[in-house]
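Undergrad: Handing you this structure, nothing more for now.
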Amino acid sequence: MDIRMAGVTKVFDQDIVALEDVHLSVDSGEFLYLVGTTGSGKTTLLRILSREYIATRGQVTVGDRNLRKIGRSELPFYRREVGVVFQDFKLLSDLSALENVSFALEAMGLPPRIVQNRANEVIDQVGLWRRRFLKPPQLSGGEQQRVAIARAMASSPSVFLADEPTGNLDIRTSEEIMKLLLSINAAGTTVLVATHDRNMVDAYRQRLVELHNGRIRRDERRGRYLLDDEL
Amino acid sequence: MDIRMAGVTKVFDQDIVALEDVHLSVDSGEFLYLVGTTGSGKTTLLRILSREYIATRGQVTVGDRNLRKIGRSELPFYRREVGVVFQDFKLLSDLSALENVSFALEAMGLPPRIVQNRANEVIDQVGLWRRRFLKPPQLSGGEQQRVAIARAMASSPSVFLADEPTGNLDIRTSEEIMKLLLSINAAGTTVLVATHDRNMVDAYRQRLVELHNGRIRRDERRGRYLLDDEL
Amino acid sequence: MTSFRYALRDTFRLLFRHWGLSLLTLVTAASVLYILGFTGLFSLNLRQMISRVEGGLVVQVFMKKGQNADPVVALVKTMPTVTSAAAVSPEQALEKLRAKLGNQARAVTLLGENPLPWSVEVQVGRAEQIAPLVRDLIAVPEVEEVLYSGKLVERLTTISRAATTASGTILVLAAIISTLVIFNTIRIAIYSRREEIEVMLLVGATRTYISLPFVIQGTLLGAGGALLAIAGIWGTYASIMNAVRTSLPFLDIIVDRRTLLQFFLLLFATGATLGWVCSWLAVSRFISRASRAK
Amino acid sequence: MTSFRYALRDTFRLLFRHWGLSLLTLVTAASVLYILGFTGLFSLNLRQMISRVEGGLVVQVFMKKGQNADPVVALVKTMPTVTSAAAVSPEQALEKLRAKLGNQARAVTLLGENPLPWSVEVQVGRAEQIAPLVRDLIAVPEVEEVLYSGKLVERLTTISRAATTASGTILVLAAIISTLVIFNTIRIAIYSRREEIEVMLLVGATRTYISLPFVIQGTLLGAGGALLAIAGIWGTYASIMNAVRTSLPFLDIIVDRRTLLQFFLLLFATGATLGWVCSWLAVSRFISRASRAK
Ligand SMILES: Nc1ncnc2c1ncn2[C@@H]1O[C@H](COP(=O)(O)OP(=O)(O)OP(=O)(O)O)[C@@H](O)[C@H]1O
Ligand SMILES: Nc1ncnc2c1ncn2[C@@H]1O[C@H](COP(=O)(O)OP(=O)(O)OP(=O)(O)O)[C@@H](O)[C@H]1O
Ligand SMILES: [Mg+2]
Ligand SMILES: [Mg+2]
């Protein structure tokens, strides 16, 4: 699905402007890095796309849906088409890694056998087969992050939003995850990745959007991760 | 304070061996990177030092304390001497950034005026002055991470344990945090930093210990971050 | 269908993963329903005792000298409020008087001819039906005098009314309090799972999918609490029945198994319904709050 | 000292940041204490009424023909259990008999000479004191006969004993249930803050520092709940007193302000203590569990 943001501004209480007049257009099947210093608005942008937040001003459409007009009963169905890797994982701590994945699939009403197969498959893909029965508090940070990735990709969403998917991973594992994201993208899914990971951004060049104080500062087809003094 | 670990092994349920026969000696005032792939045991090692976990086998002493023998009533006082930046931050979500720092100081029984001054000081040092009244859910990932750092350093601990303190930070901010850690270390504090951040490790060379499957694989005075195939 | 199976499994997950919480909720529900049930039984018994006392009230109708009791007995048979009517001959009346006087009975033996008239003893079911009955009886020409303990009837009427109001009020109060406590407990229990609910919403679970396990759980806890309460009440009440039977046999407490069974079924239904409605309300509010976009 | 100031501030933080939770706990505590208080008042009233009835029991002592009542009056004055004793002359006795006979009074007017003896009406405070009294009176040579409603006394004795046991049991039950519900509610409320407790432990807070705000909070909620409950009970009880005064004036319910005040103070203390002990137990258990090293 394609994403269109036009003049999107997000203002929080106390006049904190997290996003300001953002125009962004992502075609169906594109891969996009979202970079920017901490607090520049990456997570806020992704949250607007997952309809956790509603833009204070501006238009957001994903596929043929106007996010401002999604009703209470339609929201779950929208969310099933959008896979999200949350920056803080948001795993259920009393479910095992495998159950964390399968319960998300179950919530979509899929029959048990399909759920089991798919959950096993993605847990294996993120390299957690041997850890699948452990619960999040028993997993290392990187392992938790991979459970979060597995859960987000399990439902084969049309849009994949990943907030720092390699923030807790070593370089080798990061590379594997990046390859996974690229393969998801290759299957036609639109992928947005918010990241600070310079190594990855430079190793796998893709469209790169840089946020600065809530505004888009750069939008390049095969951008490199640049520091302020390198601009 | 110095840290001595001798033959430390940590086995969890289901025979998961997170650390195996670790011998590590860190002198008072040293700075040490802890690296290793995800799941290699970095967090487990730090948790043994903060007495969240007790080693299954082996001896651990910090300063003149044998960690196996710390009693229930002594534990709080030990923990005050050890500042910890947790991988998942562990901030209280209904306290503001500033309060998250000050409450930790208050818990040590410091008088209000000293608490206020010190909390303001460290919040400013990590660059959150303008965000100090926001609560964790209102802060970006990197901002939360800096609150966690501020809280850990506020009490001027003798040992500073940081688990991925730059995992959610961009390169520029990471550098500032690294400088902060180095200045804490320069003041005589023993600092252990578990990290995946190759850029930082290579930019600020320090003693480097690499864990691999729970065992120490490398221990170099000014080590570089190497991938398996670079060894 | 599948999602109902998931819901059932999740219910048991909720119940057993947080079994401490479940147990606390269960015990609270049981305690509260115990109180509610006991209050209910108490009201039932109160009403029964009062109606027994009321049923024992007697109106004495004295006929004029030389008249027998037939006209009054005939009239009274047509009245729906009258539960019994017995004619008393002068001889029987004298016997009774003697018995009643006890040690002063010698006074009676000093009488010559029996001076007492025919009379009828009439009983009704409820104290407040006495006043109209008396009015009708006095209108009968053959009746000399109608005697009844006016003050007692008045008292009984007010006591009966007061007891009805009181037991009703107590029951309503107990019901309100039970609902409050159960609702609060379930809400607090759900409050401690708010993160779970938030995460479920974020991954696209529907409201029904999220709430079903909580609602089933609430219903089970309510029903389970009710069962515990019933067991407790049965235990206490059985020992009360025993104690009453041996030492206060004149007290008319309810021992009829059919009535008690119905009562317990009602309590069970109340517990399950309370658990159901309360958990549904509580979880709905949470879902609404958590799914509000900021 | 400073840490107590922190504790106070944190208490209010707990109370108001999670005000929904506090309110739920408060209402639950109030509800439960309302029930407890009401049960208490009910027991008090029950005992008072029974003791009034018992105090109204009369033992009639009939003297031998020609003897006056003085020896019995003299004897009875020395007995500590006797609350009143009144001599009745034969003339008074005849008057009473006439009144008692009602419409059969004509029988008495037919008597010639007054056949009735001197008698004494003796009252004691408690039904169970009657049997020994009677034994002593019968031993007096001038006494012809001692009359008392044996069955009634027996009944009253058992009723009085049963009521004492019952009201005691009910009170104990209510107290246990209150404790359970309040403890559970506080525990569930604390359960939802377990992360907070864990974090505090990790940054080196002492047990006291962590528990103090929870304990103060629990005490305040218990005390606040008790105040609400007292207000509620006062409201209900005042309207009951009113209703009783106007329509059941013969019912002896407690209206003495001093007694009620003492009772309410006791209830307040109970609420505060319950809140205190329960929150202390609950938070201690949590801290112990959370601080166990793995
Ligand atoms: N709910 C909120 N209320 C108030 N301010 C908020 C809220 N959410 C975000 N902000 C503010 O908006 C700004 C942007 O936050 P955002 O989380 O989008 O940053 P980010 O680019 O994801 O940063 P990071 O790389 O550190 O995760 C931050 O300064 C943050 O304090
Ligand atoms: N409480 C626990 N119970 C069972 N297994 C555990 C527990 N804690 C950690 N482990 C296991 O021990 C191993 C080491 O975990 P640890 O958190 O120390 O890794 P790490 O080096 O910090 O990894 P990362 O870089 O991903 O944070 C992991 O495989 C993890 O699954
Ligand atoms: Mg972010
Ligand atoms: Mg770790």
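The values are calculated or read from the model by the stated rules, or taken from the named source; none is laboratory data. Note that this is a predicted model, so its numbers are computed, not measured. FYI the Cβ positions are ideal-geometry reconstructions off the backbone, even for glycines, and counts take in every protein chain you see.
Undergrad: When the residues of region B:154-193 are narrowed to those that are assigned to a helix (DSSP H, G or I) and within 23 Å of B:D64 (Cβ to Cβ), which ends up farthest from ligand 3 (Cβ to nearest atom)?
TA: Among those residues, the one meeting the criterion is B:N185.
Undergrad: Taking the residues in region B:33-59 that are hydrophobic (A, V, I, L, M, F, W, C) and away from chain A (no Cβ under 13 Å) as candidates, determine which candidate is nearest to ligand 1 (Cβ to nearest atom).
TA: B:L49
Undergrad: Identify, please: which residue in region A:3-23 is among the hydrophobic types (A, V, I, L, M, F, W, C) and either over 15 Å from B:R131 (Cα atoms) or outside any strand (DSSP E or B) (or both) and is, among those, nearest to ligand 1 (Cβ to nearest atom)? Don't jump to the end; show me each part of the working.
TA: Keep residues of region A:3-23 that are among the hydrophobic types (A, V, I, L, M, F, W, C), which gives A:3, A:5-6, A:8, A:11-12, A:16-19, A:22.
Retained after the next criterion (residues that are either over 15 Å from B:R131 (Cα atoms) or outside any strand (DSSP E or B) (or both)): A:3, A:5-6, A:8, A:19, A:22.
Working: A:I3: 17, A:M5: 14, A:A6: 19, A:V8: 12, A:L19: 8, A:V22: 11 Å.
Top of the filtered list is A:L19.
Undergrad: Looking at region A:24-32, can you tell me whether even one residue there is near ligand 1 (Cβ under 10 Å from one of its atoms) and assigned to a loop (DSSP other than H, G, I, E, B)? Steps first, please.
TA: Restricting attention to region A:24-32, the residues satisfying the condition of being near ligand 1 (Cβ under 10 Å from one of its atoms) are none.
Within region A:24-32 (the criterion being near ligand 1 (Cβ under 10 Å from one of its atoms) and assigned to a loop (DSSP other than H, G, I, E, B)), the answer is no, since none of the residues qualifies.
Undergrad: Can I ask one more? Take residues that are among the hydroxyl-bearing types (S, T, Y) and tell me which of the helices (runs of 4 or more DSSP H) falling wholly in region C:180-294 contain 3 or more. If you could, list the steps in order and put the result at the bottom.
TA: Values: elements: C:194-202, C:207-247, C:257-290.
Passing ranges, in order: C:207-247, C:257-290.
Undergrad: Does at least one position in region B:82-100 carry a residue that is at pLDDT below 95, away from ligand 4 (no atom under 16 Å from the Cβ), assigned to a strand (DSSP E or B) and out of contact with any Leu (no Cβ under 6 Å at 6 or more places or on another chain)?
TA: Yes, the conditions are met somewhere in region B:82-100.
Undergrad: Going by the conditions given, is B:V62 buried (at least 22 other Cβ atoms within 10 Å of the Cβ), of a type in the set (A, V, I, L, M), more than 14 Å from chain A (Cβ to nearest Cβ) and within 18 Å of the chain's Cα centre (by Cα)?
TA: yes
Undergrad: Look through A:R79, A:R118, A:R146 and report the one residue that is within 16 Å of ligand 2 (Cβ to nearest atom) and over 22 Å from C:T11 (Cα atoms). Show your work before the answer.
TA: Details: A:R79 fails: within 16 Å of ligand 2 (Cβ to nearest atom); A:R118 fails: within 16 Å of ligand 2 (Cβ to nearest atom).
After applying the criteria, what remains is A:R146.
Undergrad: Residues of region C:85-102 being surrounded by 13 or more Cβ atoms within 10 Å (Cβ to Cβ) and at pLDDT below 70, which ones?
TA: Once the filter is applied, which keeps residues that are surrounded by 13 or more Cβ atoms within 10 Å (Cβ to Cβ) and at pLDDT below 70, region C:85-102 yields C:K100, C:L101.
Undergrad: Separate question: Just a yes or no: is a residue in region B:159-168 within 14 Å of chain A (Cβ to nearest Cβ), among the aliphatic types (A, V, I, L, M) and either in contact with an Asp or Glu (Cβ under 7 Å, 6 or more places away or on another chain) or within 16 Å of ligand 2 (Cβ to nearest atom) (or both)? It would help to see each step written out before you state the result.
TA: At the first step, the residues of region B:159-168 found to be within 14 Å of chain A (Cβ to nearest Cβ) are B:162-168.
Remaining after also requiring among the aliphatic types (A, V, I, L, M): B:162.
Now restrict to residues that are either in contact with an Asp or Glu (Cβ under 7 Å, 6 or more places away or on another chain) or within 16 Å of ligand 2 (Cβ to nearest atom) (or both): B:162.
Yes - at least one qualifying residue is present in region B:159-168.
Undergrad: Identify, please: which residue in region C:132-151 is exposed (fewer than 14 other Cβ atoms within 10 Å of the Cβ) and at pLDDT below 80 and is, among those, nearest to D:G20 (Cα to Cα)?
TA: C:K151
Undergrad: Of everything in region A:139-158, what is away from ligand 1 (no atom under 16 Å from the Cβ) and within 11 Å of another protein chain (Cβ to nearest Cβ)? Give them in sequence order. It would help to see each step written out before you state the result.
TA: Step one: list which residues in region A:139-158 are away from ligand 1 (no atom under 16 Å from the Cβ), which gives A:139-140, A:142-144, A:146-147, A:149-158.
A:L139, A:S140, A:G142, A:E143, A:Q144, A:R146, A:R151, A:A152, A:A154, A:S155, A:P157, listed by residue number.
Undergrad: When region B:128-141 is examined, which residues are found to be part of a helix (DSSP H, G or I), in contact (Cβ under 8 Å) with a residue 24 or more places away in the chain and within 19 Å of A:Y53 (Cα to Cα)?
TA: Within region B:128-141, the first condition is being part of a helix (DSSP H, G or I), and the residues that meet it are B:129-131, B:136-138, B:141.
Still in the list and also in contact (Cβ under 8 Å) with a residue 24 or more places away in the chain: B:131, B:136-137, B:141.
Within region B:128-141, B:P136, B:P137, B:G141 qualify.
Undergrad: Moving to a separate point now. Scan region C:52-84 residue by residue and report those that are surrounded by fewer than 16 Cβ atoms within 10 Å (Cβ to Cβ), in a helix (DSSP H, G or I) and within 23 Å of the chain's Cα centre (by Cα).
TA: Within region C:52-84, C:R52, C:V53, C:G55 qualify.
Undergrad: For region D:103-126, give me each residue that is at pLDDT 75 or above and not acidic (D, E). Walk me through it before giving the result.
TA: Of all residues in region D:103-126, those at pLDDT 75 or above come to D:116-126.
Result: D:L116, D:P117, D:W118, D:S119, D:V120, D:V122, D:Q123, D:V124, D:G125, D:R126.
Undergrad: Which of the residues belonging to region C:14-65 are among the charged types (D, E, K, R) and within 8 Å of another protein chain (Cβ to nearest Cβ)? Don't jump to the end; show me each part of the working.
TA: The initial filter retains those residues of region C:14-65 that are among the charged types (D, E, K, R), namely C:17, C:47, C:52, C:54, C:64-65.
Passing the criteria: only C:R17.
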